[in-house]
Amino acid sequence: MRKLFLVIVRECRIRLRKPAFWVLTLLVPAILACLYALPVFTTGHSVGPASVLVVDQTGLFQGHLRSTDEVAFRSLPTLEEAQQQADKATAILYIPLRQTTIPRDAFLLYQADEPPLAVQSAVDAQLQTLLRNAILEDVYHLEPSVYHSVEATHIRLHTQDAVSGRESFVVVKNVVAIALAALMLIALTLFGIQVMRAVQEERQNRVAEVIASSVKPVQLLGGKVAGIALTATLQLGLWIALTGCAIWAIQSCNSDLFDAASASQLSLASKGAAATAQYEAGANPVTPVMQGLAAIHLPLVALAFLLSFLLGYMLYGALLATVAARLDSDADSVGWTLVTVSPLAATVMLAPLLLRAPAGALAAWLTLIPFTAPAAAMLRLPFGLPVWQAVAAAVIIIVSATAISLLAARVYRRRLVR
């Protein structure tokens with residue numbers, strides 16, 4: 001046991017002494033926090049509305065197009081006059097005269113740069129609304145306000161537990177489940193490569209010959225995997241904590257900007273051809289998302305993720321160490337890593353099927369199979385994973401990792417000191 005502990009300490013020291021470990025530990029949270037805040041800062045520093053020249057030969061939209069934060073309209077009598085001033089505008093909105101009463105086409109003409117999608121959506125939304133109002137008034141003789149009051153009806157379907165009354169928030173849980181499973185796959189793959197590189201480096205510099213002469217093969221293999229697993233878990237924990245602190249600091253220093261960005265999300269979401277008064281009268285879509293996240297015990301989810309990662313890493317670390325010991329070329333390590341973690345990738349690909357029945361037989365079996373259990377458990381976690389299945393999966397993974405280590409120990413030592 002003492003020799004196993006010494007191997008674990010050695011592996012941890014090797015990685016903790018590397019500057020790259022601490023650079024990545026600090027750099028990744030900073031990058032994630034910047035990626036989180038970048039859209040807010042770019043939204044808060046708008047370059048101003050785009051100028052659109054309007055030539056309406058139908059007269060139906062004349063004087064009714066309203067300037068917004070995205071676009072500023074200016075009417076001109078002829079297309080020729082608009083083309084002469086096109087270099088000072090973003091685009092020309094040209095609505096040609098047709099024989100029919102209802103115009104069928106409108107053209108957004110540009111010369112150099114294509115108008116941004118936000119400008120195109122804002123123009124299209126106003127054209128659709130104005131045309132619909134004109135048809136209601138002139139053809140059906142209805143007040144647009146009366147029609148919009150009917151169109152703006154909104155009913156929200158609540159899926160609740162009949163006993164406790166808790167709402168399911170299945171959409172939010174699906175997103176969280178897929179994100180957790182994908183992160184588990186990425187984390188096990190990235191940190192699994194470290195095991196392969198560690199084995200290959202020791203084979204090249206012949207350090208393993210000295211270690212293997214005084215340490216049992218299973219101690220050498222288990223200590224290497226456990227040492228790298230501890231440093232990987234430490235780095236993941238630091239990433240989560242530092243990213244949260246960085247995001248909190250950015251929000252605290254720019255609270256007004258973040259509040260304004262949150263308030264503007266509703267208006268941005270309403271842009272587009274299908275934007276109507278229904279959205280204005282409907283429920284706030286941010287509320288169900290926040291309620292769904294609040295219904296998930298996030299600290300428990302984070303703890304379960306770290307424990308699942310640690311167990312999965314012990315299993316796949318033993319597999320990847322064995323594969324690395326048998327490889328004769330470093331160039332094959334990436335390909336064999338993908339082959340080794342393919343059961344996890346297949347489980348993530350089956351996410352749509354598993355999420356249809358998170359408590360079904362297929363999900364239960366994938367949770368109890370050691371090679372698919374880490375990803376399957378993450379997919380089921382937001383919906384509630386039975387305790388007995390979680391305990392059984394952990395025991396099976398531990399037994400499987402131990403068995404793989406024992407079976408591969410002799411081959412591992414033989415290949416290292418060959």
Inset, instruction - May I ask you to say which residue of 198, 177 is modelled with pLDDT of 75 or more, on the phi < 0 side of the Ramachandran plot, of a type in the set (Gly, Ala, Ser) and assigned by TED's automatic domain parsing to the domain that holds residue 354? - result: 177
Inset, instruction - Examine segment 153-171 for a residue that is crowded, with 17+ Cβ neighbours inside 10 Å, out of contact with any His (no Cβ under 9 Å at 6 or more places or on another chain) and either at pLDDT below 85 or not in a helix (DSSP H, G or I) (or both), and state whether such a residue exists. - result: yes
Legend entry - Options 347, 276, 340: the member that is β-branched (Val, Ile, Thr) and modelled with pLDDT under 85: 276
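This table checks each residue for (1) assigned to a loop (DSSP other than H, G, I, E, B); (2) not small (Gly, Ala, Ser).
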| residue | (1), (2) |
| --- | --- |
| 339 | no, yes |
| 347 | no, yes |
| 353 | no, yes |
| 364 | no, no |
| 374 | no, yes |
| 379 | no, yes |
| 385 | yes, yes |
| 392 | no, no |
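The values are calculated or read from the model by the stated rules, or taken from the named source; none is laboratory data. Here the structure is a predicted model, which is why all the values come from computation and not from measurement. Backbone-built Cβ (ideal geometry, glycine too); neighbour counts: all protein chains shown.
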